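The values are calculated or read from the model by the stated rules, or taken from the named source; none is laboratory data. What you see is a predicted model, and the numbers here were worked out from it, not measured in a lab. Please note: Cβ atoms are built from the backbone with ideal geometry, for glycine as well, and neighbour counts cover all protein chains shown.
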Amino acid sequence: MSEITPEITMVAALNAALRDALRDDARVLVFGQDVGRSGGVFRVTDGLQAEFGARRVFDTPISEAGIVGAAVGLAFAGWRSVVEMQFDAFSYPALEQIIDHVAKMRGRTRGRVDMPITIRMPAFGGIKGKEHHGESPETYYVHTAGLKVVSPSTPADAYRLLRLAISDPDPVIVLEPKARYWAKGEAELTTDGAGIGEAAVVRDGDAATVFTYGAMVARCLDAAATLADEALSIRVVDLRSLSPLDTELIARCVRETGRAVVVHEAPKTLGLGAEVTARIVEEAFDFLEAPVLRVTGYDVPYPPAALEHHYLPSVQRIAAAVRQVAAY
Amino acid sequence: MGPIARVFAMPDLGEGLEEGEIVEWLVAEGDTVTLNQPLVEVETAKATVEIPSPFAGAVATLHASVGAAVPVGSPLVTFAVSDGEARDDSSAAVPPTQTPPDRLGVTRATPPVRKLAKELGVDLASIEGSGANGRITEDDVRVTAGNERRPSAPSRSTLAANLERQAAIPQVTTFRTVDCTALESFRRELGVSPLPVVVAVLCRTIAAHPTVNAAWTDDGLLERPEVNVGIAADTERGLVVPVLHDAGAKSIGALAAEIKRLAEAARTGSLSPDELTGATVTVSNTGSYGSEAGTPILSPGTSVTLAVGVIAPRALVVDGEILARPACTLSCTFDHRALDGAAVGRALTDLVETLTSAERLRDLPR
Amino acid sequence: MLSAFDEGDSRGIRVASEPEHWRGTEPVRVLAPDGTAAGDTDVGLGPDELRAMLRYMLLARRLDRECIALQRQGELTIYPGFEGQEAAQIGSAMALGADDFVFPTFRELAAALVRGVDAVQYLAYHRGTWHGGPYDPMATRFAPICIPVATQIAHGVGYAMGLALDETRACSLAYFGDGSASEGDFHEAANLAGVFKAPVILFCQNNGWAISVPTASQTAGEIWKRAGGYGFPGVRVDGNDVLAVYRATREAADRAYAGEGPTLIEAMTYRIGAHSTADDAGRYRDDDEVERARSFDPIARYRTWLTAEGHVDDELLREWHAEIEDQVLAIREGVIAQPAPPVEWMFDWVYADAPPAIAEQRREVLGV
């Protein structure tokens, strides 16, 4: 193709999603720490307060539990809140509100009170951040019934998932891979395509399937390219929706390739890989030609910047695991 | 309506408590009580409380004495109540107890192989796995299953995997050049190709050298009474090795007919599993595509592969003179675990002597 | 026995020394503990409304005692009583308008009655048939019962922020206790309320005890005074003086309606009973203290004043007595008649649309 396709960053795509949501639905509010005048520490909310006013896009005190608790009350009053937790680890003070109220209110009121709340947060590592700035908190949220959890890997998917999260009647945790915030991708932004609950095959292959999400999608694609040089054809699945999981696609890919590797940044023990592996065993056991392997962060606290590259799954670690299952 | 007996059971007075101890009865049998009238003082692990009566009526029975620990759910007081609807006290259904599953046999196999074994009725515990770490392979299961199921033609990758496994066996190849003058004249006389004659000679040789027909196992050398000759054949579907069962009991004519039939079945892919399994020794007719000599590898379950090269005129020294004679090279690969070079050498010498002797050839069953 | 009609009769109230946690700033009063006027008794209520408040208090106490009996008869799971706090709950709930929204804790049955919440539906919570509250929170403007203490304060603040965004002339009221005020959520919510000038009433019932821990061990200061730190007014009222509570809440609501922001009310009251039916207050509290506190009984005080003013007489009280006994018996029967809900309810409202995994588990439980 000779024409030049314009590309945008994930930050710009998320910004566009918030802008379009604010424009399309007058009940949408955006608030959190530094999201107003500054436009957010990663500039995801840049320009929104100027465009939509401080009534609908506003800064709050530093109070994660208060922010999420207020979003619960705002939901009772018919407002659709999009709140930002400034970093993954800073969402922990809000866990009580999220687990006890955001996730459960719909069930506790037998469907009379919806919680259409979107909780965004920059997540995962890979940016040589300080401690508490590189956590993978997905298991806490995925383990909580009543929440949906998504994590995009490209600008186009970030736009789509955030818009779908905001319009969803249920609460959605959006884990934005901060290591991919400034990576560019196709600029065509639409809500059409795979929805929440659907995974996507991002590279086809038949020797094994690698299941991953977030910033690890790009790394697994790199690993697949390396393995292609060795005549190993690897399928890569971007899970996208961590809860609900697309167990149907997961099982189908294992039925078709017979071998699977799960890759994520979160520690191995009880990470999402444990659930994906269990699903594979439950739904595609008869097709397994090899044990399912997990390539993950280690069962240690997220390390300092100088050691980060040892902790995060590397192309080498991913490729080694794939070779191992392919040769089994 | 007469009075109805109503049993009041010890309630859970705390959160998940299991019993309460009677401190003092505040009513006696025969007393008439009102709703919520204090009945009894009970001490639990958490507190001492008065239990109010849940019914208005007469106290018929006090089920425990002071100092007794009454389990939650056990009768405390029976009342004679004048009316009121009977309460549904049906107890929850008890879930059926489950018997633990039988312990699985300690076998190594991937889930798809286990599934196949189940489908074919093969007991994995009875199979020695030929895969890595003794893992039972799909082929192992199919071989064991025998004629119960028609296998599909092996894919290139299956073939490759089988060959890799076979190549791992320590094997040696030895060569003999054979003057085929007698063979050619004999087989022309019978109107057959050289192959059934070679097979017949091989069977006769094995009668004197049974180790050629043996297999190496974990328990050592396993000799086999029946000679089943695998004939390596090239087909459009790739290499297949149909088997001439009990070849030693067959005449050359019967062998020729059987080879022809198997070759045809191999071409059309209609070989039965039985016709593809059970070889004890293999003959490869590499001469059919012009090869003079080679280093064939062993087929599963065999210790010897004999490749027959192309029969063509060659300059041979006969009685001190260089003469042009029809000749071929036999390439014999053997499992060095089962046989050593001298044993194979003796067997080959015997075989070559028969092949080159018009007299001996004529002794073969026609 | 369970009836409160023999309490606080016209022979007068002998007032003992006040509960320890009331010391410090003198709470605002309309009625003195002996039932005489201590200030302007015109709180803006007519005789019918004044009578209605007493009737609610009598009903609430009688029902509270019935609930404890029901728990001891195995008909309710754990139940948290509120005896002694009737004035604090009923005075504040009576002061709210129909559009105002209440965010309760787990001890506000009396306030729920005033808001028109069906008692049987409310008690289904304590019977263990459903979480939150099987009543409709939107129709009753009474949020689900909230167990994690102080978390509901942020909900009240958020709701009020929403009212302000919509420019609706209404407010929210969040109840909490002296123990809850030690939680970080109290601080976060109060601070947000101040920053956003939210039309919310933060209503603390300081009943002296957080299970076994007295107020003096929860805070070295006075809770109402914290409002100043958040930039809005606070007031300490006698929580056993229903008229004082009514007036303070009415004034806070009027401030909220006028766009003047939040108010923190600390209503000084006393928890006569144990924390719940699973608690034995005798392990940590002297009976003497409870007896002294009973002399500040909110029902006796208000009934004395209403009788003296000629708003109620023995004949009316006897009439109410009979009505309330019938009402409570009907609630009792309604509670006992409540069956366990259908098992599929576990799955039915977790998400708007059940994801495949939940749909599958629902089928598994139903055996379909």
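Okay, here's what the table says:
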item	result
Yes/no for C:I299 being surrounded by 20 or more Cβ atoms within 10 Å (Cβ to Cβ), under 30 Å from C:A164 (Cβ atoms) and more than 14 Å from chain B (Cβ to nearest Cβ)	no
Any pair with Cβ under 6 angstrom, 6 or more apart, that starts in segment C:331-348 at a residue that is of a type in the set (F, W, Y) and ends at one that is surrounded by 15 or more Cβ atoms within 10 Å (Cβ to Cβ)	C:F347/C:I358; C:F347/C:R362
Matching residues, segment A:95-132, being assigned to a helix (DSSP H, G or I) and either touching a strand residue (DSSP E or B) at 6+ places or on another chain (Cβ under 9 Å) or away from chain C (no Cβ under 14 Å) (or both)	A:I98, A:V102
Any hit, segment A:275-294, residues being of a type in the set (K, R), under 16 Å from A:S136 (Cβ atoms), at pLDDT 95 or above and in a strand (DSSP E or B)	yes
Top-ranked residue of segment B:54-77 - restricted to ones that are within 16 Å of B:A5 (Cβ to Cβ) and β-branched (V, I, T), ranked as farthest from the other protein chains (Cβ to nearest Cβ)	B:T61
Flag if C:F82 is in contact (Cβ under 8 Å) with a residue 24 or more places away in the chain, aromatic (F, W, Y) and within 24 Å of B:S53 (Cα to Cα)	yes
Any hit, segment A:149-168, residues being over 17 Å from A:R19 (Cβ atoms), of a type in the set (A, V, I, L, M, F, W, C) and within 11 Å of chain C (Cβ to nearest Cβ)	no
Members of segment C:276-308 that are part of a loop (DSSP other than H, G, I, E, B) and without any contact (Cβ under 8 Å) to a residue 12 or more places away in the chain	C:D280, C:D286
Selection status of C:H311, touching a residue at least 60 places away in the same chain (Cβ under 8 Å), closer than 25 Å to C:S92 by Cα and in a loop (DSSP other than H, G, I, E, B)	yes
Strands (runs of 3 or more DSSP E) contained in segment B:3-53 and holding at least 1 residues over 15 Å from B:V70 (Cα atoms) and at the interface with chain C (Cβ under 9 Å from one of its Cβ atoms)	B:38-43, B:48-52
Close pairs from segment A:256-278: first buried (at least 24 other Cβ atoms within 10 Å of the Cβ), partner modelled with pLDDT under 95 and among the small types (G, A, S), Cβ under 6 Å, at least 6 apart	A:R259/A:A290
Test: residue in segment A:173-185 that is among the hydroxyl-bearing types (S, T, Y), within 14 Å of another protein chain (Cβ to nearest Cβ) and either out of contact with any Pro (no Cβ under 6 Å at 6 or more places or on another chain) or part of a strand (DSSP E or B) (or both)	no
Number of positions in segment A:277-309 that are of a type in the set (G, A, S) and in contact with a Lys or Arg (Cβ under 6 Å, 6 or more places away or on another chain)	3
Candidate set: segment A:67-94, residues that are over 22 Å from C:T168 (Cα atoms) and among the small types (G, A, S); chosen: the one nearest to the other protein chains (Cβ to nearest Cβ)	A:A94
Test: residue in segment C:148-155 that is more than 7 Å from chain A (Cβ to nearest Cβ) and touching a residue at least 60 places away in the same chain (Cβ under 8 Å)	no
Scan of segment A:298-311 for residues that are surrounded by fewer than 22 Cβ atoms within 10 Å (Cβ to Cβ) and either touching a Gly at 6+ places or on another chain (Cβ under 8 Å) or not hydrophobic (A, V, I, L, M, F, W, C) (or both), ordered by number	A:Y298, A:D299, A:P301, A:P303, A:P304, A:A305, A:E308, A:H309, A:H310, A:Y311
Helices (runs of 4 or more DSSP H) (entirely within segment C:154-271) containing at least 2 residues that are buried (at least 23 other Cβ atoms within 10 Å of the Cβ)	C:184-195, C:242-257
Residues within segment A:227-249 that are closer than 27 Å to A:G134 by Cα and outside any strand (DSSP E or B), tallied	5
Unmet criterion (only one of (1) under 20 Å from the mean Cα position of the chain (by Cα); (2) closer than 30 Å to C:V200 by Cα; (3) of a type outside the set (D, E, K, R)) for A:A26	(1)
Residue check, B:L262 under 26 Å from B:G345 (Cα atoms) and either modelled with pLDDT under 85 or surrounded by 20 or more Cβ atoms within 10 Å (Cβ to Cβ) (or both)	no
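Per-residue answers, yes or no, for (1) out of contact with any His (no Cβ under 9 Å at 6 or more places or on another chain); (2) of a type in the set (S, T, N, Q):
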{"residue": "C:R61", "(1), (2)": "yes, no"}
{"residue": "C:E86", "(1), (2)": "yes, no"}
{"residue": "C:I90", "(1), (2)": "yes, no"}
{"residue": "C:T105", "(1), (2)": "yes, yes"}
{"residue": "C:P137", "(1), (2)": "yes, no"}
{"residue": "C:T151", "(1), (2)": "no, yes"}
{"residue": "C:G162", "(1), (2)": "yes, no"}
